[in-house]
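Before any comments, here is the structure.
None of the figures in this text is laboratory data; all of them are computed from the coordinates on show. Computed from a predicted structure; not experimentally measured. Cβ: placed from backbone, ideal geometry, glycine included. Neighbour counts: every protein chain shown.
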Amino acid sequence: MQQRNLLYSSATRWVLAGALVVATGWASLSHVYRRAHRKIDAVTIVLGEDPAILRTRLVDLNGGLAIRLDAAERARLYSRLTSKPLDGTAFALLALDATAKGDKVRAAKLVEHSLALEPRTRLAWLWRLDQQMRNGRTVEAANSAIRLLAVDPEQYQSYVPILAGLARDRRNIPQIATALQGNPGWREPFLSTLQSRGFDPGIRFAIMDTGKSNVSTIDRERAAFVADLIAKTDYERAYLAWISYLPESALASVDTPYDARFRGMPGPPPFNWQLTAADGDRAEANNGLDLSYSGRKPATLASQVVVLQPGDYRLRSVVANASSDGPSNSGASLTWRASCLPGNQPLGELALNTSATGKPQLSAPFRVPEATCPAVLLSLGGTASEFPVRLDARIASVQFEQVAADTGAPPSQAANPTSAIPSPKPSVLP
């Protein structure tokens, strides 16, 4: 008894192929076959049980989802209503027949009556959704799509892309976010659809920000969102999203780089420190960066992505103390390096003098170019010696210091990453 399922699947196809092209520009999804229902209903009685015939009956006609019934089929339908006057699907079939005749006023009344009798009549909801999308009534359409997800959850793979398209209308975000919050099984495919189909990242951001889930889910979604933006080299938006997730207490002390004094500030990489603890090398933030470098092979001990406005900079760092189990001229060393992303083009570096403790050390000035450097990777690397020599050190701080281009003199304040971009509020992600 597949015809009922095929009807709803085919109806979904027409909604996607017709109304979605009009309302959202989406292409048709593949035809989805659903599990057969054993129930004998109006669809079976009126149209018969041959799925091949059924697939040819649904048409996009007179600006709506329609099906042409002949006189014998109408007679069977009215006979059905004589014995089952509360059959919502029967009235929905009459509505599709009225649409085929061009009488959408009557069709709308029949759909309304169908849903009054049986609020879970899927065919009626599909007709209503199709009409709402064709006529640009996107807020009503979002409500209908949510209702379809509720009454026909097995078809969520067809309805979720429709709902994602309707999220382009920002008025729909609160009701969509609420629906996703109450139905976690829809949330992941919905967000995946936004990501895979190239929607404006601001829509995904707003949905995640409005509809709260459990903490682990939120953290995972946020990390994936930032990672997707970085993969597209949209570092500015990635940084704005990342910083908007920080607690209010952290926003008052944003340095360049973030957590410049290694206090263990909240927030994950890449806009916070990625610290190494492997192969005999260790870096820990403890109101300063405690390092233990084995000197056996080159290693990156700490790194962070920073968004800087174009201009001239130099690195400033303070080594609080350092010690080594070998001679001072062994060759093992620590160096801060700044490079452009993407591509890792070198910008500048500061080789730390581990003997000059407690004093600021400055790199030579370097320039962040305007068009080719959307972000900077700051990393602390260890350079191996010919014979392994362990180097232990504590770095008190590191900062980007902006330099006046004409004189080479530093301004009064360190570089501010937010000076290049708008205030980090959720609303800046359009």
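Using only the Cα atoms, work out Rg/Rh for the range 274-418, with Rh taken as the Kirkwood radius, to two decimals. Mind showing how you got there, number by number?
Details: Rg = 15.4 Å, Rh = 15.7 Å.
Here the Rg-to-Rh quotient is 0.98.
Ratio of alpha-carbon Rg to the 2.2 N^0.38 Å globular estimate for the range 235-340, to two decimals, please. Walk me through the numbers before you get to the answer.
Details: Rg = 15.5 Å, N = 106, 2.2 N^0.38 = 12.9 Å.
In units of the 2.2 N^0.38 Å rule of thumb, it is 1.20.
How high is the FRET efficiency from Gln195 to Ala371, r the C-beta distance, R0 25 Å, rounded to 0.05? It would help to have the intermediate numbers written out before the result.
Values: r = 27 Å, r/R0 = 1.09.
After rounding, the FRET efficiency stands at 0.40.
Would you kindly state how much longer the chain becomes between Arg137 and Phe387 on full extension, computed as 0.36 nm times their sequence separation minus their alpha carbon distance, in nm to one decimal?
On the way: separation 250, 0.36 × 250 = 90.00 nm, distance 7.33 nm.
The span from Arg137 to Phe387 would gain 82.7 nm if fully extended.
For Asn183 and Asn286, FRET efficiency with R0 = 51 Å and r from the beta-carbon atoms, rounded to 0.05?
Once the sixth-power term is evaluated, E becomes 0.70.
If you stretched the chain out fully between Asn321 and Ser249, how much longer would it get, using 0.36 nm times the residue separation minus the C-alpha to C-alpha distance? Intermediate results must be reported in sequence, preceding the final value.
Numbers: separation 72, 0.36 × 72 = 25.92 nm, distance 2.98 nm.
Fully extending the segment from Asn321 to Ser249 adds 22.9 nm.
By counting other Cβ atoms within 10 Å of each Cβ, how are Ser144, Ser385 ranked from fewest to most?
On the way: Ser144 25, Ser385 19.
Lowest count first: Ser385, Ser144.
Okay, which of the range 273-317 sit inside 12 Å, backbone N to the point 7 Å along the Cα-Cβ direction of Thr335?
From the range 273-317, the list is 298-299.
For the range 85-90, just list the computed ³J(HN,Hα) in residue order, Karplus coefficients 6.51, -1.76 and 1.60, θ = phi - 60°, integers in Hz, with x standing in for Gly and Pro.
Values per residue, Gly and Pro as x: x, 9, 7, x, 5, 4 Hz.
Percent of Cα-Cα pairs more than 18 Å apart in the range 206-269, please.
Values: 816 of 2016 pairs.
So the pairs more than 18 Å apart make up 40 percent of the total in the range 206-269.
Report the label-to-label distance for Val215 and Asn344 in nanometres (one decimal), using points 7 Å from each Cα along the Cα→Cβ vector.
In this crude spin-label approximation the distance works out to 3.5 nm.
Can you list the residues, at least 5 places off or on another chain, whose amide H is less than 5 Å from the amide H of Phe271, using H built in the peptide plane?
So Phe271 has HN proximity to Val305.
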